[in-house]
Amino acid sequence: MTILGTIFAQDWTTPFGLPPFDQIRDEDFAPAFDAALTEARVNIAAIADSTDAPTFANVIEALELAEGALDRVAGVFYNLSGADSNEAREALMRDLAPKMSAFSSEVSNNKALFARIETLWQGRDGLELTPEQMRVLTLYRQMFVRSGALLEGASAERLTGVKSRLAVLGTQFSQNLLADERDWFMPLAEADLEGLPEFVVASARAAGQERDAAGPVVTLNRSLIVPFLQFSPRRALRQRAYEAWGARGANGNAHDNRAIAAETLALRNERATLLGYASFADYKLEPEMAKTPAAVRDLLMRVWGPARTKAEADAAVLEAMLRADGIDGPLEPWDWRYYSEKRRRAEHDLDEAVLKPFLSLDAMLAAQFDCANRLFGLEFREMEGPFYHPDVRGWEVTRKGAHVAVFLGDYFARGSKRSGAWCSAMRSQRKLGGEVRPIVVNVCNFANGDPALLSYDDARTLFHEFGHALHQMLSDVTYGFISGTSVARDFVELPSQLYEHWLEVPAVLERHARHWQTGEPMPAAMLKRLLDAGTYDQGFATVEFVASALVDLAFHEGPAPADPMQKQAEVLEALGMPRAIRMRHATPHFAHVFSGDGYSSGYYSYMWSEVMDADAFAAFEEVGDPFDPATAARLERYILSAGGSDDAERLYMQFRGKMPGVEALLKGRGLLDAA
Ligand SMILES: [Zn+2]
């Protein structure tokens with residue numbers, strides 16, 4: 001290490017080389033990034049300017065190791081800036097965005113470097129590469145070509161400018177959203193707590209304390225506002241909260257995201273045009289499993305029809321309930337969750353407030369670890385910190401006594417954390433240069449409590465993120481470039497969504513869903529109702545998702561819309577969007593699409609993956625054992641340990657022997673009758 005003067009310059013003598021969080025100061029990051037970037041530039045120049053004949057080792061393997069110091073500081077910083085931000089970290093995020101973008105442009109515009117890669121590529125058949133090495137070479141070359149290595153002169157320069165501006169816009173979009181989410185809250189009088197279950201009252205009071213308010217408040221955090229919309233009988237308050245939630249990023253204040261969205265779309269279209277693609281969606285989908293916008297639209301539209309039919313039928317039932325309450329219709333978006341919850345209780349007698357004591361965070365953690373033990377032989381031992389925040393817990397993961405990974409869980413909502421749930425690696429697995437085992441983090445936004453109790457949705461999120469974590473922890477490849485979740489975007493949700501299925505295995509909840517006070521197992525009738533309710537309100541869920549995915553696709557399919565809000569309205573109008581349902585993420589807070597381009601024209605990929613996860617779990621069902629060792633071994637070999645070492649379609653075929661259709665998904669969501 002050459003980064004003098006900061007903790008990042010030193011060897012970390014912590015267990016498993018965990019970052020020494022108690023010694024990392026915010027002021028260390030900027031100099032550490034500067035030094036790491038300098039070091040990476042020196043390493044890359046040496047590779048590009050070498051006078052030796054290019055070989056796989058002196059080009060590709062050298063590139064794999066060139067950014068070690070940068071990986072080290074970035075792995076820590078980007079995790080902290082998402083999970084535990086503050087003003088210093090936000091300021092550094094803004095400073096880093098153009099610097100990192102400039103660095104990656106420099107690398108991809110390095111003609112000498114690309115010439116060496118191109119030489120290898122042209123002579124690849126004589127290099128005697130392993131299949132994994134051939135795949136890595138192919139992906140490196142594709143990455144360079146897609147970032148403009150074949151462009152010259154003014155268009156190359158313009159592309160660099162476009163990418164750098166896009167990086168800045170993405171960061172601004174996220175920060176605006178965080179600011180709007182942090183600023184707004186709605187005070188509740190004691191009388192306004194009517195109808196709210198104890199866990200909602202407790203988290204409203206905790207949120208009030210965090211905001212220095214006089215009493216309980218509703219915030220825009222999903223884990224508070226969603227239950228408030230489900231349970232509060234006060235329609236005017238529901239409307240106020242819902243509208244504030246829907247207005248994030250579109251409040252006409254300093255944090256307004258609408259102009260940022262328009263500029264982003266225009267620049268993306270320009271980027272695709274410069275690279276010779278018909279549209280940004282064509283460019284973006286090329287390396288995915290879906291390959292083309294037409295394939296994406298086809299899948300989404302096959303799901304849209306049955307979903308909309310089901311949602312309209314449900315809307316009629318809910319509107320009748322509204323009228324029975326003496327309210328003149330029509331049913332509004334702020335009514336849907338409230339009446340849906342009432343109906344759920346009437347038809348499925350599944351009261352979240354009664355259910356949650358059986359779903360403590362500790363019980364569900366034990367369940368997720370137990371499933372991983374039965375499927376893959378993994379063992380989890382809780383370990384001491386210090387970690388980066390007092391809420392964070394850590395486990396050492398082993399198999400047959402051998403170290404596999406460190407797993408961190410950061411589960412509770414707080415103001416310094418961005419919304420949503422995610423999995424990231426502070427360190428990824430690889431074997432090149434000596435075996436490196438991963439450090440993997442799951443971050444969620446569950447309401448804290450004593451003890452913390454989850455909704456069934458929360459438990460599903462827990463399993464989902466843990467599925468991503470398994471994809472990182474079981475990774476067994478040589479090159480970091482294709483390690484863990486470094487796979488096609490529309491393939492990456494397969495392990496996570498597949499893992500959710502084990503939460504629905506009756507034996508898992510029978511064993512782990514125990515009342516946190518009495519230790520009693522969940523009553524059999526409650527368990528049956530819970531599992532039967534799995535398809536409940538899937539018309540709504542599918543409609544709000546598919547609408548968002550189709551708007552995302554439309555934004556990127558043709559020329560960029562001058563007014564994205566108008567384009568959004570047109571798409572929804574043409575689809576016949578049910579009036580009481582809105583997009584899951586409206587444009588001004590559609591972070592998947594605008595906080596970076598990770599999920600731009602890629603939001604569909606959750607559903608693409610769901611087609612596969614439904615089919616993949618059927619592989620266990622067909623042999624009559626959800627923990628069948630042979631099927632689990634194939635899953636690990638071809639999917640969970642393989643990373644991006646082969647084409648996604650080929651990996652899936654090796655695991656399953658066939659490609660799935662959309663029917664398993666429609667069946668799983670209870671939408672087949674409506675078709
Ligand atoms: Zn996911």
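Just give me the residues in the stretch 388-420 being touching a Lys or Arg at 6+ places or on another chain (Cβ under 9 Å), open to solvent by 30 Å² or more (accessible area, probe 1.4 Å) and either within 16 Å of the ligand (Cβ to nearest atom) or part of a loop (DSSP other than H, G, I, E, B) (or both), in sequence order.
Across the stretch 388-420, the qualifying residues are H389, D391, A413, S419, G420.
Quick check on E106: is it modelled with pLDDT under 95 and either farther than 27 Å from Y479 by Cβ or among the charged types (D, E, K, R) (or both)?
It is true that E106 is modelled with pLDDT under 95 and either farther than 27 Å from Y479 by Cβ or among the charged types (D, E, K, R) (or both).
Given the structure, is T485 touching a residue at least 12 places away in the same chain (Cβ under 8 Å), out of contact with any Phe, Trp or Tyr (no Cβ under 8 Å at 6 or more places or on another chain), open to solvent by 10 Å² or more (accessible area, probe 1.4 Å) and within 16 Å of the ligand (Cβ to nearest atom)? Step through it out loud before you land on a result.
Values: touching a residue at least 12 places away in the same chain (Cβ under 8 Å): yes; out of contact with any Phe, Trp or Tyr (no Cβ under 8 Å at 6 or more places or on another chain): yes; open to solvent by 10 Å² or more (accessible area, probe 1.4 Å): yes; within 16 Å of the ligand (Cβ to nearest atom): yes.
Against the criterion (touching a residue at least 12 places away in the same chain (Cβ under 8 Å), out of contact with any Phe, Trp or Tyr (no Cβ under 8 Å at 6 or more places or on another chain), open to solvent by 10 Å² or more (accessible area, probe 1.4 Å) and within 16 Å of the ligand (Cβ to nearest atom)), T485 qualifies.
Pairs, please: C-beta under 9 Å, at least 6 apart or cross-chain, first residue in contact (Cβ under 8 Å) with a residue 12 or more places away in the chain and closer than 13 Å to E61 by Cβ and in the stretch 417-435, second more than 14 Å from the ligand (Cβ to nearest atom) and hydrophobic (A, V, I, L, M, F, W, C)?
R430/V436; R430/V477; R430/F481; K431/V477; L432/L65; G433/L65
Examine the stretch 544-555 for a residue that is away from the ligand (no atom under 16 Å from the Cβ) and more than 25 Å from the chain's Cα centre (by Cα), and state whether such a residue exists.
no
With the structure loaded, tell me whether G433 is over 22 Å from R374 (Cα atoms) and touching an Asp or Glu at 6+ places or on another chain (Cβ under 9 Å) or whether it fails that test.
yes
Exactly one of (1) more than 19 Å from L408 (Cα to Cα); (2) open to solvent by 20 Å² or more (accessible area, probe 1.4 Å); (3) away from the ligand (no atom under 11 Å from the Cβ); (4) not in a helix (DSSP H, G or I) is unmet by D490. Its number?
The failed condition is (2).
Suppose we filter the stretch 315-333 for residues that are open to solvent by 20 Å² or more (accessible area, probe 1.4 Å) and assigned to a helix (DSSP H, G or I); how many remain?
Of the residues in that region, 7 qualify.
I'm checking my understanding of the structure. Among residues of the stretch 513-543 that are among the hydroxyl-bearing types (S, T, Y) and at pLDDT 85 or above, which one is surrounded by the fewest Cβ atoms within 10 Å (Cβ to Cβ)?
It comes out as T518.
In this structure, is L462 in a strand (DSSP E or B), at pLDDT 95 or above, open to solvent by less than 50 Å² (accessible area, probe 1.4 Å) and not hydroxyl-bearing (S, T, Y)?
For L462, the condition - in a strand (DSSP E or B), at pLDDT 95 or above, open to solvent by less than 50 Å² (accessible area, probe 1.4 Å) and not hydroxyl-bearing (S, T, Y) - is not met.
Considering T292, T309, T264, which residue is among the hydroxyl-bearing types (S, T, Y) and without any contact (Cβ under 8 Å) to a residue 12 or more places away in the chain?
Values: T309 fails: without any contact (Cβ under 8 Å) to a residue 12 or more places away in the chain; T264 fails: without any contact (Cβ under 8 Å) to a residue 12 or more places away in the chain.
Going through T292, T309, T264 in turn, the sole match is T292.
Which of the residues spanning the stretch 574-613 are open to solvent by less than 20 Å² (accessible area, probe 1.4 Å) and either assigned to a helix (DSSP H, G or I) or on the phi > 0 side of the Ramachandran plot (or both)?
Scanning the stretch 574-613 gives T587, P588, H589, V593, F594, S601, S605, M607, S609, V611, M612, D613.
Okay, residues lined up against (1) out of contact with any Ser or Thr (no Cβ under 7 Å at 6 or more places or on another chain); (2) in contact (Cβ under 8 Å) with a residue 40 or more places away in the chain; (3) surrounded by 18 or more Cβ atoms within 10 Å (Cβ to Cβ); (4) under 28 Å from A425 (Cα atoms):
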site	(1), (2), (3), (4)
G82	yes, yes, yes, yes
E87	yes, no, no, yes
K99	yes, yes, no, yes
S104	yes, yes, no, yes
A112	yes, yes, no, no
T119	yes, yes, no, no
G123	yes, no, no, no
G126	yes, no, no, no
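Inside the stretch 425-450, can you point out the residues that are in contact with a strand residue (DSSP E or B) (Cβ under 7 Å, 6 or more places away or on another chain), at pLDDT 95 or above and either open to solvent by 40 Å² or more (accessible area, probe 1.4 Å) or of a type in the set (S, T, N, Q) (or both)?
Of everything in the stretch 425-450, those that are in contact with a strand residue (DSSP E or B) (Cβ under 7 Å, 6 or more places away or on another chain), at pLDDT 95 or above and either open to solvent by 40 Å² or more (accessible area, probe 1.4 Å) or of a type in the set (S, T, N, Q) (or both) turn out to be R427, Q429, R430, R437, N442.
Going by the structure shown, is G519 farther than 25 Å from F620 by Cα and either free of Cβ contacts under 8 Å to residues at least 12 places away in the same chain or within 15 Å of the ligand (Cβ to nearest atom) (or both)? Give the derivation first.
Working: farther than 25 Å from F620 by Cα: yes; either free of Cβ contacts under 8 Å to residues at least 12 places away in the same chain or within 15 Å of the ligand (Cβ to nearest atom) (or both): yes.
Considered against the rule, which asks whether it is farther than 25 Å from F620 by Cα and either free of Cβ contacts under 8 Å to residues at least 12 places away in the same chain or within 15 Å of the ligand (Cβ to nearest atom) (or both), G519 comes out as yes.
Would you confirm, using the coordinates I've provided, whether R437 is charged (D, E, K, R), within 21 Å of G467 (Cβ to Cβ) and away from the ligand (no atom under 15 Å from the Cβ)? Give the steps one after another, and end with the answer.
Working: charged (D, E, K, R): yes; within 21 Å of G467 (Cβ to Cβ): yes; away from the ligand (no atom under 15 Å from the Cβ): yes.
Criteria met by R437.
Among (1) open to solvent by 10 Å² or more (accessible area, probe 1.4 Å); (2) assigned to a helix (DSSP H, G or I), which single condition is G661 missing?
It fails just one condition, (2).
Return the residues of the stretch 473-482 that are open to solvent by less than 10 Å² (accessible area, probe 1.4 Å) and assigned to a helix (DSSP H, G or I); say none if nothing qualifies.
Residues satisfying the conditions are M473, I482.
Give the residue that is nearest to the ligand (Cβ to nearest atom), with candidates limited to residues of the stretch 495-512 that are hydrophobic (A, V, I, L, M, F, W, C) and open to solvent by less than 40 Å² (accessible area, probe 1.4 Å).
L498
The values are calculated or read from the model by the stated rules, or taken from the named source; none is laboratory data. Everything numeric here is computed off the predicted structure, so don't read it as measured data. Glycine gets a Cβ as well: all are built from the backbone with ideal geometry, and neighbour counts include every protein chain shown. The accessibility values were calculated without ligands, DNA or RNA, using every heavy atom of the protein model including side chains. Shrake-Rupley method; radii C 1.70, N 1.55, O 1.52, S 1.80 Å.
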